[in-house]
Amino acid sequence: MGARIGRAASGSDALVDGLIHLSLEAHPTTQAIYRYGTWATAAHRPDSDLDIAVLLPYGEAMRVDRWQWHLLAVRLAGAAGTEHVDLVNLRRADTTLQAEILRTGRLVYCQDDGVRLEFETLVLSMYQRLNDERAGIRAAIVESARAPAP
């Protein structure tokens, strides 16, 4: 079994451990779990939403049934005593969200550092490429805003 990593921003290791357990129960091959948003910061309050991102093996991530994913989010919310959990399937999220979670989130569970690092490297590389491609578009928008109207 993988290693639990990090500490809860609220100091509630039992809560994090419980959420990890529920996630692994639903998806035993989970490769990594991140917390992000306010839950990953000192600004976390008891009434804050929980933001959780789960890294599954590629094939499993593509096959996850949305209803089952929703039921897992409901179970996580119940265990945490909150009304809302944002549960992200990291392999199915868009590149910008993936990069934001990796940049600001905190790793709380990792089954295999090699797999996790490979995923993180791929995401950050794709995000850099996306930004490089958007640079030309942004420059064109700025230039068109400066151009006098006909």
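The values are calculated or read from the model by the stated rules, or taken from the named source; none is laboratory data. In this text the structure is predicted, and so the values were computed from the model without any measurement. Quick reminder, even Gly has a Cβ in these numbers, built from the backbone with ideal geometry, and neighbours come from all protein chains shown.
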Consider Ala61 against the criteria (1) more than 25 Å from Gly18 (Cα to Cα); (2) in contact with a Lys or Arg (Cβ under 6 Å, 6 or more places away or on another chain): it satisfies all of them except one. Which criterion is unmet? (1)
Within the stretch 91-150, how many residues are among the charged types (D, E, K, R) and over 15 Å from Val54 (Cβ atoms)? 12
I need a count of the residues in the stretch 2-46 that are of a type outside the set (Lys, Arg), outside any helix (DSSP H, G or I), modelled with pLDDT under 90 and on the phi < 0 side of the Ramachandran plot. 12
Would the stretch 81-90 turn up any residue that is under 30 Å from Ala26 (Cα atoms), among the β-branched types (Val, Ile, Thr) and within 15 Å of the chain's Cα centre (by Cα)? yes
